[in-house]
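Notes follow the structure.
The values are calculated or read from the model by the stated rules, or taken from the named source; none is laboratory data. What you see is a predicted model, and the numbers here were worked out from it, not measured in a lab. Here the Cβ positions follow ideal geometry from the backbone for every residue, glycine too, while neighbour counts run over all protein chains shown. Side chains included, ligands, DNA and RNA excluded: accessible areas come from the protein's heavy atoms. Shrake-Rupley method; radii C 1.70, N 1.55, O 1.52, S 1.80 Å.
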Amino acid sequence: MRTAYFARALKEKQGNGIRISWITSTDALPLLRFNPYIDDVWISFEEAGPYVFDLVFSLDDERDALEGVASLRTHTVKGAFLHQSGQATYSADTAEWFDMGLLSRFGKEHADALKKRNTRGHAQIFADIFETPRPEPTFYGNPVLESQVEGEFGENVLYIGINAYAGGRWPSKELPSVEQEGLIKALLACGQRLGRDLRVVLLGAGPDRKRNKDIMSHFGTDVQAADTDGSVLRLAAVVRKMHYLITSDSLPMHLAIAQRRPCLAFFCPTSAAEIDDFGLCRKLISAGPDYCSYKPSADNTSITAERIMALMDYCWATSSALGEVVGQSSHF
């Protein structure tokens, strides 16, 4: 999603004569299909077979992707590629990015240290790689789904979403259940103090939705578990309706930023600096010693409801994104 911001920037740089073909995974395909600046969206390298490319941006370090890039007919590869020896490497003009990853010429330990020291966001780094200005966040959803979801949310209600999960791969990205329940209680209490009709919307698909429904049963009608199982674009449409989102470093966070919805994101095993917030996202960073270690089991005990609410209170006090939604929005 973050890289797709650059499709428009590339078109504007090169003019209408450029054709952009994007190879992605099946799961990610819906996130790109409505982007008017991408001409082809493919889920296999075989689909690129008939074409010769002037330039390939190779931004994935996984072996199967690199083998796919090696199969393409192209004049230039910018990014990761397979050397003639079969060893994975990367071009010098993308070193800032890949030096911090698994392909790093310095080895993983030094790469992790570089990532922890890094202060530049994804959009800043990739603007240099694509040789374009830093783009603005954009997202192109399904208008039909967006219209359907629009009708499922009431008027004059303040909707605050919580995405406590991260898809299972990163357990330490999650907000523990006890903290999630504490956060819900604190948010509902805030709504009462403000005299607002506030609803908490819990996000999560599959088994995470079941967990949300179990939590919802403790709170009544002021808490709902959103149904996003059917489509990632439905998830995007639900995020679009949130006045504010509290989330792990995961897809809903990216969907919020891309759709210019104010949010608060918490970070434990991954880098907060890498996420360009565009003034839309407050970041809560783990106080644990293994913050930004990229360990699935990193210590996330410092990500608490109390710290989240303290940052939320700061947002209110400074009339930032949340304060503007609650205190100045014409909808209330």
**Study point:** Heavy atoms of TYR159 accessible to a 1.4 Å probe, total area in Å² rounded to 10
**Key:** 10
Review point. More than 27 Å apart: what percent of Cα pairs in segment 128-269 qualify?
Key: 20
**Study point:** Interchain or long-range residues, amide H under 5 Å from LEU245's placed H
**Key:** GLY161, CYS263, LEU264
Exercise for review: Report, ordered by chain and residue number, the lysines lying within cross-link reach of LYS108, taken as a straight Cα distance under 17 Å and ignoring same-chain residues fewer than 8 apart.
Suggested key: LYS116, LYS295
Exercise for review: Could you give the size of the charge dipole of the chain about its Cα centre, using +1 on the Cβ of each K and R and -1 on the Cβ of each D and E, expressed in debye and rounded to the nearest 20?
Suggested key: 460
Practice item. Treat every Asp and Glu Cβ in segment 39-191 as -1 and every Lys and Arg Cβ as +1, leave all other atoms uncharged, and give the resulting dipole magnitude about the Cα centre to the nearest 20 debye. Key: 740
Practice item. Send over the Kirkwood Rh of segment 172-252, from the inverse of the averaged 1/r over different Cα pairs, rounded to one decimal Å. Key: 13.3
Check your understanding: How big is the accessible area of ASP39 in square angstrom, nearest 10, if you roll a 1.4 angstrom probe over the protein chains?
Key -> 70
Exercise for review: Give the carbon-plus-sulfur fraction of the accessible surface of the chain in %, rounded to a whole number; probe 1.4 Å, heavy atoms of protein chains only.
Suggested key: 49
Practice item. Take every Cα-Cα pair in segment 217-258 and report what % of them are more than 17 Å apart. Key: 36
Review point. Roughly how many Å² is the accessible area per residue of the chain, as a whole number, for a 1.4 Å probe?
Key: 48
Review point. Cα atoms only, segment 163-204: Rg and Dmax in Å?
Key: 12.5, 39
Point to revise | Additional length obtainable on full extension of the chain from ASN156 to HIS83, 0.36 nm per residue less Cα span | key: 20.4 nm
Point to revise | Low-density loop positions, GluC sites (Glu not before Pro), segment 154-200 - DSSP coil, at most 11 other Cβ in 10 Å | key: GLU155
Practice item. Assign unit charges at the C-beta atoms only (+1 for Lys and Arg, -1 for Asp and Glu), then state the dipole size of segment 101-231 relative to its Cα centre in Debye, rounded to the nearest 20. Key: 700
Check your understanding: Using the reciprocal of the averaged 1/r over all distinct C-alpha pairs, how large is the Kirkwood radius of segment 222-293 in Å?
Key -> 12.9
Review point. Which ³J(HN,Hα) values in Hz, rounded to whole numbers, follow from the phi angles of segment 288-293 under the Karplus curve 6.51 cos²θ - 1.76 cosθ + 1.60, where θ = phi - 60° and Gly and Pro get x?
Key: x, x, 9, 4, 6, 8
Review point. Could you work out Rg/(2.2 N^0.38 Å) for segment 28-138, with Rg from alpha carbons only?
Key: 1.15
Practice item. With the cut-off at 33 Å, report for the chain the share of all Cα pairs above it, as a whole percent. Key: 31
Exercise for review: Could you list which residues have their amide H under 5 Å from that of ASP299, counting only those 5 or more apart in sequence or on another chain, with H placed in the peptide plane?
Suggested key: ASP290
